[in-house]
Amino acid sequence: MRNVLKTIVYIFFPPYLIVYILKYLDVINIITELSVFLAIFLNIINLSIALLLYNFSKSKSNQLFLILNIGGMGVRIFFLLITFTLSLIFLEIDKYAFILVFLIFYSMSIVFEIKHFNSKKD
């Protein structure tokens with residue numbers, strides 16, 4: 001679990017730091033900064049839920065494992081779709097930065113999730 005947390009920090013912390021530095025140097029505005037932070041935050045929540053469900057279900061029966069992970073994937077995608085849509089509609093954010101950063105980090109988190117699940121199989 002420690003390696004997982006370390007990898008998550010390596011994936012998600014540098015962009016936070018880069019965006020903070022860019023905001024500090026007045027290269028980007030506050031709206032772009034909030035857009036990037038929101039996109040990364042949504043992906044961190046998604047990845048955390050995936051890892052929690054996997055760790056909870058890996059010692060359970062095959063049926064429960066599949067229900068929690070495949071069903072959990074459907075629930076997580078639905079959650080992301082709703083929060084993504086609501087964020088674009090109701091929040092004053094830079095829509096292009098939000099979409100770009102969200103898709104980049106969603107792809108990275110999916111790759112990490114697959115590698116993590118594949119490395120833990122018996």
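For every residue, the table says whether it meets (1) in a helix (DSSP H, G or I); (2) touching a Ser or Thr at 6+ places or on another chain (Cβ under 8 Å).
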site: N3; (1), (2): yes, no
site: Y20; (1), (2): yes, no
site: D26; (1), (2): no, no
site: I45; (1), (2): yes, no
site: L51; (1), (2): yes, no
site: L64; (1), (2): yes, yes
site: L68; (1), (2): yes, yes
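Considering only residues that are in contact with a Lys or Arg (Cβ under 9 Å, 6 or more places away or on another chain) and of a type outside the set (A, V, I, L, M), look in segment 8-44 and name the one that is surrounded by the most Cβ atoms within 10 Å (Cβ to Cβ). Talk me through it step by step, then tell me what you get.
To start, the set of residues in segment 8-44 that are in contact with a Lys or Arg (Cβ under 9 Å, 6 or more places away or on another chain) comprises 29-30, 32-33, 35.
Narrowing the set further to residues that are of a type outside the set (A, V, I, L, M) leaves 29, 32-33, 35.
Values: N29: 12, T32: 19, E33: 19, S35: 26.
Selected residue: S35.
Answer with yes or no whether S61 is touching a residue at least 12 places away in the same chain (Cβ under 8 Å) and not acidic (D, E). Explain how you work it out, then say what you get.
Numbers: touching a residue at least 12 places away in the same chain (Cβ under 8 Å): no; not acidic (D, E): yes.
Criteria not met by S61.
Scan (1) under 29 Å from S35 (Cα atoms); (2) surrounded by 17 or more Cβ atoms within 10 Å (Cβ to Cβ) for the single condition S57 breaks and write down its number.
(1)
Just wondering, is there one or more residues in segment 55-74 that are at negative phi, within 14 Å of the chain's Cα centre (by Cα) and among the hydroxyl-bearing types (S, T, Y)?
First, pick out the residues of segment 55-74 that are at negative phi: 55-74.
Within this subset, residues satisfying the condition of being within 14 Å of the chain's Cα centre (by Cα) are 73.
Those left that are additionally among the hydroxyl-bearing types (S, T, Y): none.
Within segment 55-74, not a single residue is at negative phi, within 14 Å of the chain's Cα centre (by Cα) and among the hydroxyl-bearing types (S, T, Y).
So which of L103, L80, L86 is touching a helix residue (DSSP H, G or I) at 6+ places or on another chain (Cβ under 7 Å), without any contact (Cβ under 8 Å) to a residue 40 or more places away in the chain and on the phi < 0 side of the Ramachandran plot?
Numbers: L103 fails: touching a helix residue (DSSP H, G or I) at 6+ places or on another chain (Cβ under 7 Å); L86 fails: touching a helix residue (DSSP H, G or I) at 6+ places or on another chain (Cβ under 7 Å).
Only one candidate qualifies: L80.
Take the conditions not acidic (D, E) and not in a helix (DSSP H, G or I) and apply them to K115. Does it pass?
Values: not acidic (D, E): yes; not in a helix (DSSP H, G or I): no.
Answer is no for this residue.
Does segment 99-120 contain at least one residue that is crowded, with 18+ Cβ neighbours inside 10 Å and touching a Pro at 6+ places or on another chain (Cβ under 7 Å)?
Scanning segment 99-120, I find no residue that is crowded, with 18+ Cβ neighbours inside 10 Å and touching a Pro at 6+ places or on another chain (Cβ under 7 Å), so the answer is no.
Can you name every residue in segment 78-98 that is loosely packed, with under 12 Cβ neighbours inside 10 Å and not polar (S, T, N, Q)? Before you say what the answer is, go through the steps one by one.
Here is the first cut: in segment 78-98, the ones loosely packed, with under 12 Cβ neighbours inside 10 Å are 78, 81-82, 85-86, 89-90, 92, 96.
Of everything in segment 78-98, those that are loosely packed, with under 12 Cβ neighbours inside 10 Å and not polar (S, T, N, Q) turn out to be F78, L81, I82, L86, I89, F90, E92, Y96.
Quick check on this structure: which one of L103, L81 is in a helix (DSSP H, G or I), farther than 18 Å from I8 by Cα and among the aliphatic types (A, V, I, L, M)? Talk me through it step by step, then tell me what you get.
Details: L103 fails: farther than 18 Å from I8 by Cα.
None of the others qualify; the one that does is L81.
Laboratory data are not the source of any read-out in this text; all were calculated from the coordinates shown. Worth saying up front: this structure is predicted, and the values here are computed from it rather than measured. Cβ: placed from backbone, ideal geometry, glycine included. Neighbour counts: every protein chain shown.
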